[in-house]
Amino acid sequence: MNPLKAPHRTGIVFFPAFDWAISPTHPEREERLLYTRDQLFEEGILDVEGIEEFSPQVATEEDIERVHTCFPSTGRVVSPSHLISAGGAITAGRKVLEGTVEKAFALVRPPGHHARRVVHGLRGFCIVNIEAVMIEHLRRHFGPLRVAIVDTDCHHGDGTQDIYWHDPDTLFLSIHQDGRTLYPGTGFPEEFGGPNAYGTTLNLPLPPGTTDEGFLHVIDHCVLPILEDWKPDLIVNSAGQDNHFTDPITDMSITAQGYAALTRKLRPHVAVLEGGYSVQTALPYVNTGILLAMAGLDTGSLVEPDYQADLFHESERTREYVRRLSELMVEKYRNREALREKAFRGRTHHQETRQVFYDGEGITEGQKERVRLCRDCAGVVTLESWVNGRGRLLAVELPRTCCAACREEGVRAFGDAGLGDYALVELRDREVDRIERRSLFEEG
């Protein structure tokens with residue numbers, strides 16, 4: 001009989017996707033979760049009272065399309081493994097909100113935090129943003145939720161940032177290796193949210209080699225004070241494990257104990273696995289540490305194979321940088337209303353153009369986005385997207401609580417757009433959870 005009992009009832013949802021990989025030798029491959037599964041069995045974690053495993057449900061196309069506009073269509077872009085991975089996250093979130101458990105960890109793949117609103121294919125190993133699909137499913141079935149997403153993957157969560165850029169009810173904080181040294185090359189303090197959600201996106205880029213000390217300083221002195229002020233109903237941790245010092249494609253110095261400490265401090269309701277490519281020497285130990293910390297169990301004996309005491313020391317330069325960065329972002333957050341006025345005063349609309357590179361497809365997408373500045377709702381957003389040789393689309397999004405003026409502008413933009421100019425035209429009405437679509441493609 002196992003004497004252990006978890007202080008916090010905690011769920012695990014496990015989906016290793018053994019039948020899906022980008023290529024047999026790619027870092028994001030089938031056996032990423034194989035050793036984690038073995039570690040959980042060997043440690044007897046699933047025998048602990050209060051820890052329960054749940055089977056993932058399968059996300060529907062409706063769940064995916066609540067977040068993404070896939071081109072040419074959802075059915076041609078999204079695989080069954082992506083539906084189960086997103087469904088695993090949904091299961092984790094539902095079990096928490098239904099009260100079956102207090103916390104849940106979705107140990108699923110493929111990952112998703114580089115997937116943006118528009119999806120033309122694979123980028124950053126991602127197609128479906130599984131956290132966003134989970135959050136919007138939960139909002140649809142459990143009512144309005146004030147959500148905080150804390151992304152602790154080593155890579156900037158640019159897809160999640162893009163999805164919630166204009167959402168004043170979703171706080172997105174990303175802690176990652178400096179984008180000047182790592183894919184996707186974004187995630188800087190000046191990226192602060194759209195004009196109707198200014199200050200709800202916060203980026204904390206850290207120097208390569210940052211240790212547990214620096215990472216936890218950011219949590220203590222920036223993330224936790226902001227969360228305390230924001231008062232979210234739900235805290236979601238995009239739990240990338242590629243900050244570990246053995247990860248083959250990044251350059252940070254975080255340990256399994258560091259991840260466990262982070263989780264104890266953050267106290268997420270739901271953690272969703274993102275990256276992490278040290279398959280044997282990091283993932284099993286980091287994932288176990290996160291799970292034990294969520295359950296409120298001791299992690300003191302958790303030691304990964306290559307760990308040596310006093311192996312890493314924070315430099316004075318990094319220590320000072322992290323301290324100043326934390327102070328800067330807290331100050332920006334507290335002054336976000338004044339900063340918004342300064343940035344957007346006198347404007348009725350804000351427009352941006354950008355390019356998005358899909359490393360998995362070898363294509364570059366062009367985007368032109370226009371948002372109406374609005375004090376009554378989150379503002380209507382129109383987004384044009386094109387890839388040369390593939391076609392052009394227009395996506396119009398009405399926010400969850402949409403004022404009459406924004407609704408009129410969005411409906412007019414959708415009505416004026418014809419299939420002579422676009423291969424796909426879409427109106428996403430979040431207030432009533434409905435999508436209208438015109439498409440040249442049969443499946444659209």
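The values are calculated or read from the model by the stated rules, or taken from the named source; none is laboratory data. Treat the numbers as computed from the prediction; the structure is a model and nothing was measured. Every residue, glycine among them, receives a Cβ derived from its backbone with ideal geometry; neighbour counts consider all protein chains shown. The accessibility values were calculated without ligands, DNA or RNA, using every heavy atom of the protein model including side chains. Shrake-Rupley method; radii C 1.70, N 1.55, O 1.52, S 1.80 Å.
A compact table of results
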read-out: Computed label-point distance, nm, for sites residue 339 and residue 357 using a 7 Å Cα→Cβ extension; value: 2.7
read-out: Helix 80-97 vs. the chain, principal-axis angle (Cα, 0 to 90°, nearest 10); value: 70
read-out: Rounded tilt (10° steps) of 283-295 against the dominant C-alpha axis of the chain; value: 90
read-out: Area of residue 278 that stays accessible when all protein chains are in place (1.4 Å probe, Å², to 10); value: 10
read-out: Order of exposure, largest accessible area first, which applies to 190, 369, 337 with probe 1.4 Å; value: 190, 337, 369
read-out: Entries in 103/332; 342/368; 231/342; 5/231; 231/265 that, when Cα-Cα distance is taken, lie over 21 Å; value: 103/332; 342/368; 231/342; 5/231
read-out: Per residue, in Å², the accessible surface of the chain once ligands and nucleic acids are set aside, probe 1.4 Å; value: 39
read-out: Using alpha-carbon coordinates, inclination of helix 130-142 to the longest axis of the chain, degrees; value: 70
read-out: The chain: calculated mean residue ellipticity at 222 nm from DSSP helix runs of at least 4, using -39500 (n - 2.57); value: -9000 deg cm²/dmol
read-out: Residue 408/residue 180 FRET efficiency (R0 51 Å; Cβ-Cβ; nearest 0.05); value: 0.75
read-out: Accessible area of the chain belonging to carbon and sulfur atoms, whole % at 1.4 Å probe; value: 47
read-out: Residues of type aspartates and glutamates that residue 95 reaches as a straight line, Cα spacing below 16 Å, ignoring anything fewer than 8 places off in the same chain; value: 52, 53, 131, 136, 233
